[in-house]
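This report refers to the structure that appears directly beneath it.
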Amino acid sequence: MKITLLSTAYPYRGGIAVFTERLARAFQDAGDKVNISTFSLQYPSFLFPGKSQYSTSEKPKDLEVISEVNSVNPINWLRIGFKIKKQEPDILILKYWIPFMSPCLGTISRIVKSNKHTKVIVVVDNLIPHEKRIGDNLLNSYFVDSVDGFLTMSKSVYDDLDQFDENKKKILGVHPLYDNFGVSKTKEEALDSLKLDKSFNYMLFFGVVRKYKGLDILLEAFADERLKKKNLRLIVAGEFYEDEKPYLDLIDKYNLSESVILATNFIPDDEVVNYFCAADIIVQPYRNATQSGVTQIAYHFEKPMLVTDVGGLKEIVPHNKVGYVCEPTSGSVVDAILDFYNNDKEQQFIQGVIEEKNKYSWSKMIENIKNLYQQL
């Protein structure tokens, strides 16, 4: 098939770019012709909460990636829409994660569909934003009306679609493994790479820091006297996308400066392996969520997980098989961590992860998209 992906990709960095490029490779592996149309401007600088939107890696040589979509320029939307319309791909695949992108993607989608050949399928990360703003529902409605079918990666997002359209075709799939971060290392090798003391056990909080991700819940948990008596260290690896002061104040308040390791810059792709492989367990104490790319990195590196019972996280982290599903409170998080270490659950959960990870293949994602296409 002839496929166009319109989504974040190189020269941008982050989970959506990683997903887009890995999806393109999966289509290529299936024998399809794929090109990626990515942004020339994704967010105006004043709207971007991090330090940089851009990757420091080399441009992928195996993918056709063109930077051409301006998210805030309506004239550009028309030009790109008519360009893709003329190219007549069988499928235009969009990635949707924030209502801000609705005018751009919804306009391009409407133009492309008018060729009466291309079907527009969207892989929906989030429909209802984690951080809600006035106008979200209007923007979502404009976007949902513009596409033919939806693939969601959590039941919560699948159900959210009914608020905007109950009739369009949709498929509930799963988020595939992020298997592009290299092969696993031993824990000792990873600790050496990070120059960490091997006499401690390490837990990992990974990814950009935002309120909904609950790092404050984890810091409150880590201050519990029952954990302080353990030989534990917490690694926080990821850039702050909001004011870091409340988190630093918690670290000071509870005298955690020696036991919390802050690696709060963007973690390059080639360093991700060190952080995951150094940890005993990956902790995601989220206040709300849909699916999570972090869990799919954890599956790739065969690491136990602790997640909270919000959104779609419990769908992909079977409780007491690959880790824990607990309440988004510090007490519940402490109880799970204590059970993990007191009852030496690491190897048991690793075996559960190895069994469970087989569900999350990219070939299954391709199969789901093509099955959805056949229904449109």
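For segment 163-178, state whether one or more residues are modelled with pLDDT under 95, part of a helix (DSSP H, G or I), assigned by TED's automatic domain parsing to the domain that holds Asn371 and not β-branched (Val, Ile, Thr).
Yes, segment 163-178 contains at least one residue that is modelled with pLDDT under 95, part of a helix (DSSP H, G or I), assigned by TED's automatic domain parsing to the domain that holds Asn371 and not β-branched (Val, Ile, Thr).
Condition first: surrounded by 15 or more Cβ atoms within 10 Å (Cβ to Cβ), basic (Lys, Arg), at pLDDT 95 or above and over 30 Å from Tyr373 (Cβ atoms). Can you find one or more residues in segment 199-221 that meet it?
no
Determine which member of the set Asp249, Asp280 is surrounded by fewer than 17 Cβ atoms within 10 Å (Cβ to Cβ) and over 19 Å from Val18 (Cα atoms).
Asp249
Among the residues of segment 330-353, are any free of Cβ contacts under 8 Å to residues at least 24 places away in the same chain and either under 19 Å from the mean Cα position of the chain (by Cα) or within 30 Å of Ile121 (Cβ to Cβ) (or both)?
no
Among the residues of segment 99-120, write down those that are in a helix (DSSP H, G or I), more than 12 Å from Lys86 (Cα to Cα) and not aliphatic (A, V, I, L, M).
Pro99, Phe100, Ser102, Pro103, Cys104, Gly106, Thr107, Ser109, Arg110
Tally time: how many residues in segment 151-162 are touching an Asp or Glu at 6+ places or on another chain (Cβ under 7 Å) and part of a helix (DSSP H, G or I)?
1
In this structure, does Leu127 turn out to be among the hydrophobic types (A, V, I, L, M, F, W, C), within 20 Å of Val310 (Cβ to Cβ) and in contact with a Leu (Cβ under 7 Å, 6 or more places away or on another chain)?
Here the answer is yes, as Leu127 does meet what is asked.
Among residues belonging to segment 297-320 that are of a type in the set (D, E, K, R) and outside any loop (DSSP other than H, G, I, E, B), point out the one that is surrounded by the most Cβ atoms within 10 Å (Cβ to Cβ).
Among them, the one singled out is Lys314.
Does Thr107 count as buried (at least 18 other Cβ atoms within 10 Å of the Cβ), among the polar types (S, T, N, Q), under 23 Å from the mean Cα position of the chain (by Cα) and closer than 25 Å to Ile128 by Cα?
For Thr107, the condition - buried (at least 18 other Cβ atoms within 10 Å of the Cβ), among the polar types (S, T, N, Q), under 23 Å from the mean Cα position of the chain (by Cα) and closer than 25 Å to Ile128 by Cα - is not met.
Kindly list, by first and then second residue, each pair from a residue in segment 317-329 that is without any contact (Cβ under 8 Å) to a residue 24 or more places away in the chain to a residue that is in a loop (DSSP other than H, G, I, E, B) and crowded, with 22+ Cβ neighbours inside 10 Å, limited to pairs with Cβ atoms under 7 Å and residues at least 6 apart or on different chains.
Val325/Val317
What is the residue count in segment 250-284 for residues that are hydrophobic (A, V, I, L, M, F, W, C), farther than 30 Å from Tyr54 by Cα and not in a helix (DSSP H, G or I)?
Residues meeting the conditions: 1.
So, in segment 153-198, of the ones that are basic (Lys, Arg) and closer than 10 Å to Cys277 by Cβ, which residue ends up surrounded by the most Cβ atoms within 10 Å (Cβ to Cβ)?
Once the filter is applied, the top-ranked residue is Lys185.
Residue-wise test of (1) modelled with pLDDT under 95; (2) surrounded by fewer than 23 Cβ atoms within 10 Å (Cβ to Cβ).
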| site | (1), (2) |
| --- | --- |
| Thr295 | yes, no |
| Val322 | no, no |
| Ile337 | no, no |
| Glu346 | no, yes |
| Ser361 | yes, yes |
| Asn371 | no, yes |
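Give segment 199-230 a look and list any residue that's among the acidic types (Asp, Glu) and assigned to a helix (DSSP H, G or I), or say none.
Asp216, Glu220, Glu225
The values are calculated or read from the model by the stated rules, or taken from the named source; none is laboratory data. Just so we're clear, the structure is a prediction, and the values are computed from it rather than from any experiment. Heads up, the Cβs are rebuilt from the backbone with ideal geometry, glycines too, and the neighbour counts pull from every protein chain shown.
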